[in-house]
Amino acid sequence: MTADPFRLPDTVVPTHYDLAIAPDLAASRFEGTAGITVTVREPVEEVVLNAAELEIHTALARDASGRELVGAVSLDGSHERLTVRFPSALAAGEAVLTLTYSGAINDQLHGFYRSTFVDADGHEQVIATTQFEPADARRAFPCWDEPAYKATFAISLLVPAGLCGLSNGAAVEERAVDGGRWVRFERTMKMSTYLVAFIVGPLVVTDPVDVDGVPLRVACVAGRERLSAFALEVGAHALRYLADYFDIPYPAGKLDLVALPDFAFGAMENLGCVTFRETALLVDRDHASRPELERVADVVSHEIAHMWFGDLVTMRWWNGIWLNEAFATFMEVGAVNDFRPEWDRWTSFSTERGVAMVTDALAATRPVEYEVVSPADADGMFDVLTYQKGGAVLRMLETYLGADRFRAGIRLYLDRHRYANTETTDLWDAIEEATGEPVRSIMDSWIFQGGYPMLSVEPVDGGVTVTQQRFRYQSHPTDVSARWQAPLLYRPLRAPDAPDAPEAAGATRTLLSEAVTRVAWDDAPIVVNAGGWGFFRTRYAPDLLHRLLADLPALGPVERYNLVSDTWAMALAALTPLADFVDLVGLLGAERDPSVWDLALDAVGVLYRVVPDDSRPALSAWLRDLAGPVFAELGWQPRPGEDERTAQLRGSLLTTLGTLGDDRGIQKTARTLHDAALAGRSAPAPDLLASLVSIVAWTGTEADYELFWERIRAAATPQEEVRYLFRLAAFPDPALVLRTMDATNSDIRTQNGAFVIGAALANRVAGRQAWRWLVEHWDQTLARIPVNSHGRLLDGIVRLTDPDSVQEIPAFLAAHPIPSATKQVAQLLERQRINAAFAARERGPLAERFPAGPPES
Ligand SMILES: [Zn+2]
């Protein structure tokens with residue numbers, strides 16, 4: 001036995017599972033038989049494995065001596081363990097344990113669960129499907145449900161007549177039985193239980209695309225297969241790109257990408273049978289906006305990267321989930337950047353990294369890797385620090401080492417550990433071996449310690465000093481002693497040999513480990529964090545900063561992004577006057593990168609809430625003066641040959657002018673264009689359409705609200721559905737927003753509920769009422785929303801900075817804790833406090849900057 005109730009004893013370990021699953025979709029029940037080949041390492045009378053919410057009917061073992069023993073079973077519900085006790089000890093050697101059992105097909109979006117949809121004839125249809133990560137395979141079959149217990153799986157499914165059955169392997173045999181057929185699937189490679197999948201339901205499967213010998217298909221609800229072409233294209237690209245990058249062939253025999261109407265996560269990397277929520281897979285290539293296409297490209301590439309990184313080589317325990325996800329995020333961006341170079345995916349990744357830097361500057365942040373005792377502890381790991389910070393620090397390391405050397409380390413790691421399990425340090429050791437650089441000590445300082453540094457740059461005789469100190473919005477005594485091994489690149493603003501190609505200039509590398517580092521430098525303007533991939537903020541002395549501001553075009557897009565991001569963060573932290581940030585935004589008239597604009601406009605949205613009501617018109621007018629000329633230059637309609645990022649910038653500027661900018665002319669035209677689009681009289685460019693919907697919601701009436709619901713019900717694509725659905729939270733009339741809140745407990749799918757509620761709380765006018773609604777409907781809302789998105793429910797509270805909310809919300813959440821999101825709740829409450837302090841401090845100065853004027857005519 002083991003002392004840790006969450007870790008199984010290793011006296012008996014599995015090598016192979018034969019699973020036969022017979023679902024009854026109408027009754028929401030299933031029967032199962034698990035024949036598990038195990039190695040008995042020492043004679044034992046007791047076998048302990050995982051099971052939860054299953055009724056075990058019989059347990060039988062045939063041991064190495066050939067004896068058959070009948071076992072008695074007992075279930076420990078709190079630790080989700082099944083103990084099978086035999087009348088005498090099983091002999092050491094190979095044994096087969098056979099268990100028969102039954103269970104419910106639940107509606108909790110984990111384990112073996114039901115997803116429903118209404119078909120073209122108006123009938124409700126049911127799909128039975130699985131979601132096992134991190135620890136829910138035990139709800140579908142008794143198993144050693146820890147990632148280190150890898151085994152092979154041979155799965156058979158009873159598929160009712162007329163339905164489709166899918167699993168990890170290809171179907172290799174079908175046997176007709178009364179009312180349907182047994183389908184047997186090809187045996188998998190050796191892998192962890194959380195990667196098993198089986199699905200039965202009325203799905204259609206596209207013809208396979210042959211990707212260098214790998215059959216690639218999409219499965220979805222009938223009628224939606226017309227939305228599969230883009231996923232197949234990006235999937236084929238990712239398979240080829242990743243096999244080449246890793247220098248290892250795709251590790252399974254086939255690949256199915258399966259879209260499900262109800263899905264709690266974005267997608268799940270089951271080997272050979274990846275499951276997705278519909279918006280992340282199905283898209284109309286010709287009528288979707290660039291961000292909507294990019295989302296599909298991202299998620300498909302991410303999941304396919306997991307086939308190697310996660311499935312072939314797997315973390316030993318759940319503390320390693322972060323590396324799994326961080327690496328897949330890193331590879332996703334690289335693969336999509338290769339798929340559509342014109343999307344400039346690495347630059348747009350700045351936005352995701354920026355979100356991680358906000359959370360990671362909080363006192364309530366966490367180290368990327370932390371100790372995980374129970375599998376439930378790992379629930380908190382599926383967050384922005386795992387995916388976005390983790391991906392960003394890998395990008396920092398790659399940039400510092402060079403892409404080829406970094407890749408050589410990755411190849412060494414995957415080759416060395418295939419079909420096995422690893423610790424995080426195994427990756428650093430492999431990269432260290434391949435490059436000769438101190439990778440483990442560098443990365444330990446980023447992974448086992450929360451937060452990140454601010455680098456202050458000061459001129460000194462013959463150079464500059466770079467001082468590192470932890471960046472936080474509210475300082476803390478321990479900040480002074482925190483240190484990182486910061487891989488730093490720096491460069492002259494304009495290289496003497498290439499003055500017009502700023503980023504082509506070679507940067508100098510150095511590793512900062514002391515509190516203060518002196519860098520020799522001549523009089524040229526210096527760019528610290530050259531290229532922009534260091535996970536830190538830069539605070540220049542005023543003279544150094546002014547020289548950069550005087551020549552912004554000489555900075556690359558990620559560097560300009562960082563300049564805006566760092567200035568905004570320092571204004572929030574009261575390290576820089578807010579006026580400096582407003583002045584910097586005022587310089588963006590020549591900016592054409594949508595990521596830089598989106599960041600600045602998002603911050604202006606915060607100012608819009610903070611200014612007194614009578615100053616708001618002056619702020620809107622300032623915004624119109626700034627963004628209006630850029631939008632006018634781009635025009636309403638795409639120009640021939642225009643790149644897709646320009647289309648995105650047009651959409652961002654238009655949305656802002658029609659909402660925060662309160663541009664009446666734009667609001668009127670947007671409404672006319674939206675009406676024409678709905679009446680089928682015109683087909684606006686997809687990026688434009690998303691903006692039109694936002695503007696109509698911002699000025700929306702009850703009639704618009706009804707229209708939005710009609711569009712949701714009649715949506716031709718998953719993207720159209722969510723485009724209207726999420727805007728239901730943005731109407732200015734609190735009564736309509738409350739109707740939206742009510743719908744999260746009825747008409748809105750549980751997979752979307754948390755996001756809609758989170759957005760309603762952020763509604764400037766109706767956020768307070770939305771909060772009161774949530775308080776009244778707390779228990780039923782939490783029961784309905786999948787556990788993994790409980791943290792998202794509260795996203796909008798960071799914007800509720802009025803005195804009542806600042807008092808009430810923390811008190812309520814202290815009395816009503818959310819166990820699966822303890823960390824996220826603490827982070828959101830801290831951000832609420834920071835924003836409230838900012839609002840109190842800056843309301844007066846903003847009123848002076850944007851004085852109340854006569855009402856507009
Ligand atoms: Zn992932």
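The values are calculated or read from the model by the stated rules, or taken from the named source; none is laboratory data. Being a predicted model, the structure only gives us computed values, none of them experimental. Don't worry about glycine lacking a Cβ; one is built from the backbone with ideal geometry, like all the others, and counts go over all protein chains shown. Note: accessible area is taken over every heavy atom of the protein model, side chains too, but ligands, DNA and RNA are not part of it. Shrake-Rupley method; radii C 1.70, N 1.55, O 1.52, S 1.80 Å.
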Cross-link partners of Lys823 among lysines (Cα-Cα below 20 Å; sequence separation of 8 or more within a chain): Lys389
Within straight-line cross-link reach of Lys190, lysines at Cα separation under 22 Å, skipping those fewer than 8 residues along the same chain: Lys150, Lys254
Contour excess over end-to-end distance, with Cα ends at Ala814 and Arg175 and 0.36 nm allotted per residue: 224.4 nm
Solvent exposure, largest accessible area first (probe 1.4 Å, DNA, RNA and ligands not counted), of His57, His287: His287, His57
Kirkwood estimate for region 476-621, i.e. one over the average of 1/r between Cα atoms, Å: 16.9 Å
Solvent accessible area, Å² - Ser374, 1.4 Å probe, full protein context: 20 Å²
All Cα pairs of region 265-316, percent lying beyond 16 Å: 42 percent
Kirkwood Rh in Å, taken over all unlike Cα pairs in region 70-229: 18.1 Å
Cα Rg, Dmax, region 580-625, angstrom units: 10.8, 32
Of the DSSP H helices in the chain, those whose Cα atoms cover at least 15 Å axially and whose Kyte score averages 0.0 or more: 229-246, 321-339, 390-401, 557-572, 594-610, 616-634, 686-698, 750-761, 803-815
Percent accessible area from carbon and sulfur atoms, region 672-788, protein chains only, probe 1.4 Å: 52 percent
Directionally averaged shadow of region 710-795, computed from the convex hull of its alpha-carbon atoms, nm²: 5.2 nm²
Accessible-area composition of region 603-667, carbon plus sulfur, in percent [1.4 Å probe]: 53 percent
Globularity ratio of region 286-439, using Cα Rg and 2.2 N^0.38 Å: 1.05
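Roughly how compact is region 642-791, stated as its Cα Rg over 2.2 N^0.38 Å to two decimals?
Expressed relative to 2.2 N^0.38 Å, the Cα Rg reads 1.07.
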Whole-number accessible area per residue in Å² for region 230-270, which is evaluated in the context of all protein chains at 1.4 Å: 23 Å²
Accessible area, probe 1.4 Å, largest first, for residues Val47, Val204: Val204, Val47
Per-bin percent of Cα-Cα distances, region 747-807 [5 Å]: 4, 20, 30, 26, 14, 5, 1
Theoretical gain in end-to-end length, Arg681 to Arg440 [0.36 nm per residue, Cα-Cα removed]: 80.7 nm
Where His777, His476 fall by accessible area, highest first, once all protein chains stay in place (1.4 Å): His476, His777
Probe 1.4 Å, accessible area per residue of region 372-501, Å²: 38 Å²
Using a Förster distance of 60 Å, the FRET efficiency for Thr646-Glu514 (Cβ separation, nearest 0.05): 0.85
Modelled FRET efficiency - R0 22 Å, Thr822 with Asp747, Cβ distances, 0.05 increments: 0.10
Kirkwood Rh, angstrom, region 86-141 [1 / mean 1/r, Cα pairs]: 14.3 Å
Region 181-328 - convex hull of the alpha-carbon atoms, volume per residue in Å³: 124 Å³
Binned Cα-Cα distances of region 640-706, short to long, each 5 Å bin given as a whole percent: 3, 18, 28, 24, 18, 7, 2, 1
Shape category assigned to the chain from the gyration tensor of Cα positions, a/c cut at 1.5: prolate
